[in-house]
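The values are calculated or read from the model by the stated rules, or taken from the named source; none is laboratory data. Since we're looking at a predicted model, the values are computed, not measured. Neighbour counts run over all protein chains shown; Cβ positions are idealised from the backbone, glycine included. These accessible areas exclude ligands, DNA and RNA; they are computed on the full protein's heavy atoms, side chains included. Shrake-Rupley method; radii C 1.70, N 1.55, O 1.52, S 1.80 Å.
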Amino acid sequence: MGKAICFVILSFQIIILSFFVGEICGNKQVRALDNLHKSKLRGGSEIDRRSEFKVEELVHDDDDVIVDSEEEEISLLKEKDKIERLPGQPQVKFSQYGGYITIHKLAGTAFYYYFVEAHQRSKQSLPLLLWLNGGPGCSSLAYGAMQELGPFRVHSDGKTLFKNNYSWNYAANVLFLESPVGVGFSYSNRSSDYSTNGDKKTAVDNYLFLVNWLERFPEYKDRDFYISGESYAGHYVPQLAHTILQLNKKAAKTIINLKGILIGNAVINDETDSEGMYDFLATHAIISDKAAYDINKSCDFASSNQSECDAASSEVDKDISFIDLYNIYAPICKNSNLTAHPKKTSIVIDPCSENYVYAYLNRGDVQEALHANVTNLKYDWQPCSDVITKWLDSPSTVLPLITHFLNNGLRVWIFSGDIDGRVPVTSTKYSIDKLKLPIQTAWHPWFAYGEVGGYTQVYKGNLTFATVRGAGHQVPSYQPQRALSLIKHFLRGTPLPETTRIA
């Protein structure tokens, strides 16, 4: 991050998530999403883009889903996962857990989780919230937990932590999951699993994780449950939600008490995601109007004008090479070295934070405290996977799933940091327009901490769209106060404040 020249070498036949990529200006999540986008544009791509997402049959060993386990055994496993204190951690008044949940016993597949309960006085009444980062192939521990909405952030020394005073565990009990296989500390003993990831497999494995996690934490089985995430989690979140609803229906009972989903700067519809990105970059004077026109005309996911598409893409790549596309106005990381003593902190994310998190999570004492890397993986922990080698399926749209949720009474909120250039507000607005929903509450500003937090519009059917003013792709990193206000209102099911008096 922050290098002067940025080179990207793409694989044209399959998406290579180890990327063969040099340094780019921006974090690894940008890199992962950019490569998926370009691979889907290329002729001959092997990625299955069929738009319909169907719940795959849960193929697992008889012992993969834990049922009727001994209460004492469950209690011991949970207690074993309790994190007493992380190295360099300040004192806190909530419990935190970390460990592995086996999802496929025969293959030896286990997902790593990090769980922070809400602050002591409210943990029993507040809902359970799962957070997923995207990529595909990026870690929710790296981004969500350590740079966005978790209780701690890493100092510039890579050794110590400081409090995030706007952590989302003021609003919920928050669960972070490293998924799919090969992301972060999550692993499989079957090497072929690293080359068979895709949307369908991820949805099934995430579901198996949840069912087994709830066995270890049975006090949350009947708790209101919400799924949230950003970026390519615009696929993960709806697909997991759909899997939950379908399997609840199949079982004729509530296995997981899903109440709603929240997705931010989310990849939800290829055509409008792409068109909206280039329109945003043109209207913000980052690329030329001609470049936006050429690329929207030539790069149509059908590869009918491949040479023209390549030429237009090359021009855009040059224009965006020296900025952080996740926040078009943010400074870039100019010195990725750790410091002997922590730099002065701010509520806004340090542009070099990814480097601090990498150093911290690769320390042996940190991994021991987290109950992570128990199998001594042969590779370093990475914020985005270097060991996933293929992505097999990525539907062109998840809009039909969102329509299904609205028809079934699920709460759906979509939010956009308004200075993200990768999945910008224009992309999200274009995608929502495709749903052709009647407007219930017209566009208006919403307020947080006495200021305009952003703008919002509510649609009939229980869909709320909200922008977050001054935020990039990782909204809680850039506007933590406004993000906390947003999540509180989402979980309560209350409209965003229209006046400063109630903000």
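For the reader, a short list of remarks on this structure follows.
- Looking across region 368-388 at every residue that is in contact (Cβ under 8 Å) with a residue 24 or more places away in the chain and part of a helix (DSSP H, G or I), the one that is surrounded by the most Cβ atoms within 10 Å (Cβ to Cβ) is identified as 370.
- Filtering 214, 208 for residues that are touching a His at 6+ places or on another chain (Cβ under 8 Å), assigned to a helix (DSSP H, G or I) and modelled with pLDDT of 95 or more leaves a single hit, 208.
- Matching residues, region 217-265, being over 19 Å from residue 125 (Cα atoms), of a type in the set (D, E, K, R) and open to solvent by 10 Å² or more (accessible area, probe 1.4 Å): 249, 250, 253
- Annotation: of all residues in region 97-112 being hydroxyl-bearing (Ser, Thr, Tyr) and open to solvent by 20 Å² or more (accessible area, probe 1.4 Å), the one that is modelled with the lowest pLDDT is 102.
- Residue 478 vs. criteria aromatic (Phe, Trp, Tyr), closer than 29 Å to residue 351 by Cβ and surrounded by fewer than 18 Cβ atoms within 10 Å (Cβ to Cβ): no
- Considering each residue of region 226-242 in turn, none proves to be assigned to a loop (DSSP other than H, G, I, E, B) and farther than 30 Å from residue 345 by Cα.
- Qualifying positions in region 414-451 - closer than 25 Å to residue 240 by Cα, open to solvent by less than 10 Å² (accessible area, probe 1.4 Å) and of a type in the set (Phe, Trp, Tyr): 415
- Test for residue 232: is it more than 18 Å from residue 393 (Cα to Cα) and either modelled with pLDDT of 95 or more or within 17 Å of the chain's Cα centre (by Cα) (or both): no
- Of all the listed residues (152, 162, 115, 94), the sole one being crowded, with 24+ Cβ neighbours inside 10 Å, hydrophobic (A, V, I, L, M, F, W, C) and touching a strand residue (DSSP E or B) at 6+ places or on another chain (Cβ under 7 Å) is 115.
- Note on region 486-503: among residues that are among the hydrophobic types (A, V, I, L, M, F, W, C) and outside any loop (DSSP other than H, G, I, E, B), the one that is surrounded by the most Cβ atoms within 10 Å (Cβ to Cβ) is 486.
- Listed by first and then second residue, the pairs linking a residue in region 95-109 that is at positive phi to a residue that is surrounded by fewer than 22 Cβ atoms within 10 Å (Cβ to Cβ) and small (Gly, Ala, Ser), with Cβ atoms under 7 Å apart and 6 or more places separating them unless they lie on different chains, are 108/188.
- For region 324-344, a residue qualifies if it is touching a residue at least 60 places away in the same chain (Cβ under 8 Å), farther than 25 Å from residue 264 by Cα and not basic (Lys, Arg), and the qualifying residues are 335, 336, 338, 339, 340, 341, 342.
- Search result, residues across region 158-189 that are more than 19 Å from residue 348 (Cα to Cα) and of a type in the set (Ser, Thr, Tyr): 179, 186, 187, 188
- Subset of region 427-485 (residues that are under 17 Å from residue 166 (Cα atoms), touching a Gly at 6+ places or on another chain (Cβ under 7 Å) and in a strand (DSSP E or B)): 447, 468
- Annotation: residue 405 fulfils all but one of (1) buried (at least 18 other Cβ atoms within 10 Å of the Cβ); (2) in contact with an Asp or Glu (Cβ under 9 Å, 6 or more places away or on another chain); (3) in a helix (DSSP H, G or I); the unmet one is (2).
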